[in-house]
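The values are calculated or read from the model by the stated rules, or taken from the named source; none is laboratory data. Quantities reported herein were computed from a predicted structural model and do not represent experimental measurements. Here the Cβ positions follow ideal geometry from the backbone for every residue, glycine too, while neighbour counts run over all protein chains shown.
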Amino acid sequence: MALPWLIGAAVLGVGALIAAVANDDESSSHDSSSDEERRRRKQAEHERREREKEEEMAFLRMAFNQEGSKRSHDFQKLLSEWITVNYRGTSPFRAVLLNTGVQARHSVDRHFVDSCELGDDVLNTETRENLNFFETCYEADLAMTERFYKAVDILMDLQEQKAVLRHYHEQLELISYQLSRHPLSH
Amino acid sequence: MNKTHSNSELIKKAEGILGNDITEQKPTVVVWGLMNAGKSHLLNMLTNHIETEYFRTNDIRETSEIKNFETEEFIFMDTPGVDANYNDDQLAMSGAEKADIILFVHQPQGELEKIEIDYLRKIKKSFGQYADKYIIMVLSKSDTESADNIELIKKRILAQCHETLGFTPRCYAISGSRFQAGVTQNQSGLIRVSHLTELIKHLESLKIDISSIKRERQLIAVKEAIKEFMQAERALQEKKMETERNIREAFKTFNRTMTEFRHWMQNNNTNLKG
């Protein structure tokens, strides 16, 4: 027969064990709901930030477009004496703000400087590059003005004249060389 | 005169030089002088057109083009009298450019006039070291003045050549009329006092060394033309640079604005990434 004190101790032990297990269950359930809450809060915060970011981007895009469109008139005016700029549509500014950065989006089949054959002999590299860049940022038809045509004609004419003079000059130099090679008799 | 016109003149000049055949053995004698100096009459005598004129003479301006007559020994060339008009002067100068020997005819009303000296200076320059030998002063119509006066004028002309132009040409005082009368009337005395035969003899003596003067003149003309071409090319280059400058200047503000535009784009980029 078991000793009564031993039985009592065993009962107490089991009771304590049950109580401990019950306590653990309660604490676990409490932690799980707190994580969920945190996750939800985090998610909400993230969504808020995203929304704000989107709003900010939308604002920046709008400001960017407005500024780009405003500048289109400046360019048109600046070039007017030499190049006629006819914008296509009311919003010709084609550069866009993406999350990754600014992108000039208007693809040009043949740049104005190439189709008009405005090479290094007419425009310097900086101007040609700027005109090309302008065309990728703005959807526009560019055309040379009468004044520009005239200046280019003058340049071409001068180049042709120079080539003709050079041709005769070289022939004269050759004769001069040949005559100088034979000393004159006195 | 605009640049294009002057360049076409220059090209014409070059073509003349390039087409000049210096291997031609027959000397070209060009008669040159003021209007009514007696050039055509002298040529008629030199080419044996004693009774019938080949080169037309008159007191008014008769020669308005270059006219040639080729003998067995020479090519004789008449030129319009200078100082009549611009075209005649140009024509006379182009005639002088073809000459191996110049007979510079002056009628004995006095010493050389300024315009004659100016033209002589140009011609002399184009003959280089051969100017003394191949430019011959001819005092025409010597029968219209006394022998003493003719002698004085001759001395004065030679002094002008020496002092003003720095050369000493030969000078013949001739009388075409005496020569003509001498030939038609068969009077040797008249022919002798016309002094034309002396001039003819002298011309014949010059034939021997004609290739040297041809080459010398060609070389001088070529060098002169090269200088003019260089000048013309420089002028064209300057004009070209000026036009290029104007175009560059016209796009200066556009380029500046584009630089600023690119910076603005760049800033937007940076702001996004930041």
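Out of all the residues in segment B:180-193, is one or more more than 10 Å from chain A (Cβ to nearest Cβ) and in contact with a His (Cβ under 9 Å, 6 or more places away or on another chain)? Yes, because at least one residue in segment B:180-193 is more than 10 Å from chain A (Cβ to nearest Cβ) and in contact with a His (Cβ under 9 Å, 6 or more places away or on another chain). Only one of the numbered conditions (1) within 14 Å of chain A (Cβ to nearest Cβ); (2) buried (at least 18 other Cβ atoms within 10 Å of the Cβ) is not met by B:ILE150, and that is (1). Considered as a group, the residues in segment B:206-235 that are of a type in the set (Gly, Ala, Ser) and facing chain A (nearest Cβ under 7 Å) include one that is surrounded by the fewest Cβ atoms within 10 Å (Cβ to Cβ), and that residue is B:SER212. Outside any helix (DSSP H, G or I) and hydrophobic (A, V, I, L, M, F, W, C) - does that describe any residue in segment B:243-251? Within segment B:243-251, one or more residues are outside any helix (DSSP H, G or I) and hydrophobic (A, V, I, L, M, F, W, C). Taking segment B:229-252 as the range and being of a type outside the set (D, E, K, R) and more than 17 Å from A:GLU135 (Cα to Cα) as the test, the residues that pass are B:PHE229, B:MET230, B:GLN231, B:ALA232, B:ALA235, B:LEU236, B:GLN237, B:MET241, B:THR243, B:ASN246, B:ILE247, B:ALA250. Yes or no: A:LEU97 modelled with pLDDT of 90 or more and either in contact with a strand residue (DSSP E or B) (Cβ under 9 Å, 6 or more places away or on another chain) or buried (at least 16 other Cβ atoms within 10 Å of the Cβ) (or both)? Here the answer is no, as A:LEU97 does not meet what is asked. Taken over segment B:124-169, residues that are more than 22 Å from B:GLU198 (Cβ to Cβ) and touching a residue at least 60 places away in the same chain (Cβ under 8 Å) amount to 4.
Suppose we filter A:SER80, A:SER72 for residues that are in contact with a Phe, Trp or Tyr (Cβ under 7 Å, 6 or more places away or on another chain) and either on the phi < 0 side of the Ramachandran plot or modelled with pLDDT under 95 (or both); which single one remains?
Details: A:SER80 fails: in contact with a Phe, Trp or Tyr (Cβ under 7 Å, 6 or more places away or on another chain).
On inspection, the qualifying residue turns out to be A:SER72.
Can we say B:ASN268 is on the phi > 0 side of the Ramachandran plot and either crowded, with 17+ Cβ neighbours inside 10 Å or without any contact (Cβ under 8 Å) to a residue 40 or more places away in the chain (or both)? Give the steps one after another, and end with the answer.
Working: on the phi > 0 side of the Ramachandran plot: no; either crowded, with 17+ Cβ neighbours inside 10 Å or without any contact (Cβ under 8 Å) to a residue 40 or more places away in the chain (or both): yes.
Judged against the criteria, B:ASN268 is not a match.
Inspect all residues belonging to segment A:55-66 and state whether any of them is under 30 Å from A:VAL152 (Cβ atoms) and more than 9 Å from every other protein chain (Cβ to nearest Cβ).
Looking only at segment A:55-66, we keep the residues that are under 30 Å from A:VAL152 (Cβ atoms), and these are none.
No; the residues of segment A:55-66 include none that is under 30 Å from A:VAL152 (Cβ atoms) and more than 9 Å from every other protein chain (Cβ to nearest Cβ).
Elements of the type helices (runs of 4 or more DSSP H) sitting completely within segment A:87-186 and holding at least 3 residues that are facing chain B (nearest Cβ under 7 Å): these cover A:125-137, A:146-181. Looking across segment B:167-199, the residues that are surrounded by fewer than 16 Cβ atoms within 10 Å (Cβ to Cβ) and under 16 Å from B:LEU46 (Cα atoms) come down to B:THR184, B:ARG192, B:THR197, B:GLU198.
Being under 20 Å from B:ALA159 (Cβ atoms), in contact with a strand residue (DSSP E or B) (Cβ under 7 Å, 6 or more places away or on another chain), crowded, with 17+ Cβ neighbours inside 10 Å and modelled with pLDDT of 90 or more is the requirement here; does B:PHE76 meet it? Outline the logic, then answer.
Numbers: under 20 Å from B:ALA159 (Cβ atoms): no; in contact with a strand residue (DSSP E or B) (Cβ under 7 Å, 6 or more places away or on another chain): yes; crowded, with 17+ Cβ neighbours inside 10 Å: yes; modelled with pLDDT of 90 or more: yes.
It is false that B:PHE76 is under 20 Å from B:ALA159 (Cβ atoms), in contact with a strand residue (DSSP E or B) (Cβ under 7 Å, 6 or more places away or on another chain), crowded, with 17+ Cβ neighbours inside 10 Å and modelled with pLDDT of 90 or more.
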